[in-house]
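For reference, the structure is listed below as structure tokens.
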Amino acid sequence: MRKVKVITDSCSDLNVALMEKYNIDYAKMNTVFEGKESPADLSWTPDDVHSFYENMRAGKRFTTTQVPVEEFRTVFTKYLDQGMDIVYISCSIKQTGSINTAIVLSKKLKEEYPDATIKCVDSFNACIGEGAVAIEAAKLAAEGKSADEIEEYVIKIRKTMNEFVTVHTLDYLKRAGRVKATSAFFGNLMGVKPILVADVEGSQAAFKKVKGRQTSIKEIVTLLKNTIKNPEEQTIYLAHADCSEVEVNQLKDLIKQEVPCKEIETLYIGPIIGASVGPDAIGVWAFGEAVTFKGGE
């Protein structure tokens, strides 16, 4: 049986250590800042992270692109040339068209590599929700499972990934066209903080509002506690957009108090997702109850 390489994209927000641990590669999207296009590299340093979000705090804007076709070609053929099959775990189609580009390219590559299997699977998630799904796929690849088997499993688990993120404002998401919410959510009353989820369709959706930052951080832990399954066997993923160390540790401590998980993995919200959610977003991700919530139009 051919070996399988799991590939994701810049939206996954996996760091270098996790990609090396699970033998995952990724195709880079691009950020655009002051007219200059740059690859969205997930190997950025804490200084890079801080600089990126400080620019946003200063009112400067980043826009993003999907994965260019030639980037997909470069990454895919690297492993096809080694006789491997590919499973590409994409950011939700509701948030980027990258998977469509990958599907079109994979059909062309099949003509060049007729013995290869190339699967392009929508994760129905973004940020580390997508990354966590890719990790589960990579675990199966390491066990010698086929591309077909991995695709089937990803489809089975992708809607059980639960995301709870709090942001200071929906303004960044609204400007980027990246959030589903009723008009009431855009009032942004003083001190009211929105909580976002990945909804049943894979969209970023405004789920509820709470009063105050501290309350919103407590609320995402409560939501996590109420939805997670078998926490003792799980890694809970925490990702943030240049939040203070004090705030990150506060969230970690709350998780430890409320959810008896195996471990907590702390990551940065990367440049593609960060351009949409804005600085100081912070959230938690874990597998649990099937997602049923559908965001407002």
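Candidates are the residues of region 174-196 that are under 19 Å from the mean Cα position of the chain (by Cα) and open to solvent by 10 Å² or more (accessible area, probe 1.4 Å); the one that is modelled with the highest pLDDT is LYS174. Here THR64 clears all of (1) surrounded by fewer than 21 Cβ atoms within 10 Å (Cβ to Cβ); (2) of a type in the set (Ser, Thr, Tyr); (3) touching a residue at least 60 places away in the same chain (Cβ under 8 Å) except the condition numbered (1). Residue selection: LYS145 fails the criterion of being out of contact with any helix residue (DSSP H, G or I) (no Cβ under 6 Å at 6 or more places or on another chain) and under 23 Å from VAL284 (Cβ atoms). On the basis of being more than 19 Å from the chain's Cα centre (by Cα), of a type outside the set (A, V, I, L, M) and outside any loop (DSSP other than H, G, I, E, B), does GLU265 make the cut? Judged against the criteria, GLU265 is not a match. Residue selection: PHE287 satisfies the criterion of being crowded, with 19+ Cβ neighbours inside 10 Å, in contact with a strand residue (DSSP E or B) (Cβ under 9 Å, 6 or more places away or on another chain) and touching a residue at least 40 places away in the same chain (Cβ under 8 Å).
Kindly indicate whether ASP25 is under 27 Å from THR266 (Cβ atoms), charged (D, E, K, R), out of contact with any Lys or Arg (no Cβ under 9 Å at 6 or more places or on another chain) and surrounded by fewer than 22 Cβ atoms within 10 Å (Cβ to Cβ). No, not satisfied. Would you tally the residues in region 232-249 being assigned to a helix (DSSP H, G or I) and either in contact with an Asp or Glu (Cβ under 7 Å, 6 or more places away or on another chain) or open to solvent by 50 Å² or more (accessible area, probe 1.4 Å) (or both)? Residues in region 232-249 being assigned to a helix (DSSP H, G or I) and either in contact with an Asp or Glu (Cβ under 7 Å, 6 or more places away or on another chain) or open to solvent by 50 Å² or more (accessible area, probe 1.4 Å) (or both): 5 in total. Of the strands (runs of 3 or more DSSP E) lying entirely inside region 79-173, the ones with 1 or more residues being among the basic types (Lys, Arg) and open to solvent by 10 Å² or more (accessible area, probe 1.4 Å) are found at 118-122. The single residue among SER12, SER38 that is without any contact (Cβ under 8 Å) to a residue 24 or more places away in the chain and either among the small types (Gly, Ala, Ser) or within 26 Å of VAL167 (Cβ to Cβ) (or both) turns out to be SER38.
As a summary of the residue check, GLU34 satisfies the conditions (1) under 21 Å from the mean Cα position of the chain (by Cα); (2) open to solvent by 60 Å² or more (accessible area, probe 1.4 Å) except for the one numbered (1).
The residues of region 273-284 that are open to solvent by less than 10 Å² (accessible area, probe 1.4 Å) and within 18 Å of VAL221 (Cα to Cα), listed by number, are ALA281, ILE282, GLY283, VAL284. Here is a check on your reading of the model: is GLU219 acidic (Asp, Glu) and crowded, with 17+ Cβ neighbours inside 10 Å? Judged against the criteria, GLU219 is a match.
Quick one: in region 197-214, of everything that is among the polar types (S, T, N, Q) and either under 16 Å from the mean Cα position of the chain (by Cα) or buried (at least 17 other Cβ atoms within 10 Å of the Cβ) (or both), which residue is modelled with the lowest pLDDT? Checking each candidate, the answer is GLN204.
The values are calculated or read from the model by the stated rules, or taken from the named source; none is laboratory data. Fair warning: this is a prediction, and the values are worked out from it, not measured in the lab. Positions of Cβ are backbone-derived with ideal geometry, glycine not excepted, and every protein chain shown enters the neighbour counts. Please note that ligands, DNA and RNA were not included when accessible areas were found on the heavy atoms of the full protein model with its side chains. Shrake-Rupley method; radii C 1.70, N 1.55, O 1.52, S 1.80 Å.
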